[in-house]
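Novice: Attaching a single structure in structure tokens format; questions to follow.
The values are calculated or read from the model by the stated rules, or taken from the named source; none is laboratory data. It should be emphasised that the depicted structure is a prediction, and the values quoted were computed from it without experimental measurement. Methodologically, a virtual Cβ is constructed for each residue, glycine included, from the backbone with ideal geometry; neighbour enumeration extends over all protein chains shown.
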Amino acid sequence: MISPEIRTWLQSLFATTTWHLDEPTLEQLRPIVIRLCAYYLTQVKHSKTGYARDPVANFHLRNGAVVWRLNWLANRSEKGWKQSLSMMVNYRYYNIEQINQNCLDYIDKRTIHVDEQVSRLLLA
């Protein structure tokens with residue numbers, strides 16, 4: 001998913017302590033991090049259970065939510081940078097019928113429902 005050149009650049013960048021203070025660097029990172037976040041939330045699953053690897057995602061998906069929107073630079077606190085490179089996600093709960101169906105799909109089939117704006121990131 002990531003080229004060796006980008007992987008090397010990211011490793012050297014994250015080895016510094018001030019990368020997150022440089023706005024031009026953040027703009028370069030934006031499409032990479034957003035796409036990786038979309039991939040992580042929708043494709044990375046526990047090998048034993050098949051459910052979402054992220055515990056917060058798993059909670060919302062079990063309750064029938066849709067991965068709705070990714071928010072770049074939403075949590076610029078030290079904890080936000082360490083936990084998620086400042087990314088945050090919104091989950092959306094639609095009408096009760098769709099919530100129930102999403103819940104059943106996730107529990108029975110391990111299907112993660114995703115809004116179009118997030119699914120487009122996976123195709124980029």
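Novice: Against the definition (touching an Asp or Glu at 6+ places or on another chain (Cβ under 7 Å) and hydrophobic (A, V, I, L, M, F, W, C)), how does VAL56 come out, yes or no? Lay out the reasoning, then the answer.
Specialist: Details: touching an Asp or Glu at 6+ places or on another chain (Cβ under 7 Å): no; hydrophobic (A, V, I, L, M, F, W, C): yes.
The answer is no for VAL56.
Novice: Do any residues in segment 86-114 that are over 30 Å from LEU29 (Cβ atoms) have Cβ atoms under 7 Å from those of residues that are exposed (fewer than 14 other Cβ atoms within 10 Å of the Cβ) and β-branched (Val, Ile, Thr), where the two are at least six apart or on different chains, and which pairs are they?
Specialist: ASP105/THR111
Novice: Restrict the check to segment 45-54 and report whether at least one residue is of a type in the set (A, V, I, L, M, F, W, C) and farther than 28 Å from GLU97 by Cα. Give the steps one after another, and end with the answer.
Specialist: Start the filter on segment 45-54 by keeping residues that are of a type in the set (A, V, I, L, M, F, W, C), which leaves 52.
Next cut, farther than 28 Å from GLU97 by Cα only: none.
No: segment 45-54 contains no residue that is of a type in the set (A, V, I, L, M, F, W, C) and farther than 28 Å from GLU97 by Cα.
Novice: Out of the residues in segment 70-103 that are crowded, with 17+ Cβ neighbours inside 10 Å and touching a strand residue (DSSP E or B) at 6+ places or on another chain (Cβ under 7 Å), state the one that is farthest from THR17 (Cα to Cα).
Specialist: Going through the qualifying residues, I end up with ASN102.
For (1) modelled with pLDDT of 95 or more; (2) among the basic types (Lys, Arg); (3) in a strand (DSSP E or B); (4) touching a strand residue (DSSP E or B) at 6+ places or on another chain (Cβ under 8 Å), each residue gets a yes or a no:
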| site | (1), (2), (3), (4) |
| --- | --- |
| LEU13 | no, no, no, no |
| THR17 | no, no, no, no |
| HIS20 | no, no, no, no |
| PRO24 | no, no, no, no |
| GLU27 | no, no, no, no |
| VAL33 | no, no, no, no |
| LEU41 | yes, no, no, yes |
| GLY64 | yes, no, no, no |
| TRP68 | yes, no, yes, yes |
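Novice: Can GLY50 be described as among the small types (Gly, Ala, Ser), surrounded by 17 or more Cβ atoms within 10 Å (Cβ to Cβ) and either at pLDDT 90 or above or within 21 Å of LEU123 (Cα to Cα) (or both)? Steps first, please.
Specialist: On the way: among the small types (Gly, Ala, Ser): yes; surrounded by 17 or more Cβ atoms within 10 Å (Cβ to Cβ): no; either at pLDDT 90 or above or within 21 Å of LEU123 (Cα to Cα) (or both): yes.
For GLY50, the condition - among the small types (Gly, Ala, Ser), surrounded by 17 or more Cβ atoms within 10 Å (Cβ to Cβ) and either at pLDDT 90 or above or within 21 Å of LEU123 (Cα to Cα) (or both) - is not met.
Novice: Quick one: in segment 108-120, of everything that is surrounded by 13 or more Cβ atoms within 10 Å (Cβ to Cβ) and part of a helix (DSSP H, G or I), which residue is farthest from the chain's Cα centre (by Cα)?
Specialist: Among residues in segment 108-120 that are surrounded by 13 or more Cβ atoms within 10 Å (Cβ to Cβ) and part of a helix (DSSP H, G or I), the one farthest from the chain's Cα centre (by Cα) is SER119.
Novice: Taking the criterion of being over 30 Å from THR17 (Cβ atoms) and without any contact (Cβ under 8 Å) to a residue 24 or more places away in the chain, would at least one residue in segment 52-60 satisfy it?
Specialist: Residues of segment 52-60 that are over 30 Å from THR17 (Cβ atoms), as a first pass: 52, 58-60.
Filter once more, so that each one left must be without any contact (Cβ under 8 Å) to a residue 24 or more places away in the chain: 58-59.
Yes, segment 52-60 contains at least one residue that is over 30 Å from THR17 (Cβ atoms) and without any contact (Cβ under 8 Å) to a residue 24 or more places away in the chain.
Here is a yes/no grid of residues against (1) under 13 Å from the mean Cα position of the chain (by Cα); (2) at pLDDT 95 or above; (3) in a helix (DSSP H, G or I); (4) of a type in the set (Asp, Glu):
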residue	(1), (2), (3), (4)
ARG76	no, no, no, no
GLY80	no, no, yes, no
VAL89	yes, yes, no, no
GLN98	no, yes, yes, no
GLN101	no, yes, yes, no
TYR106	no, yes, yes, no
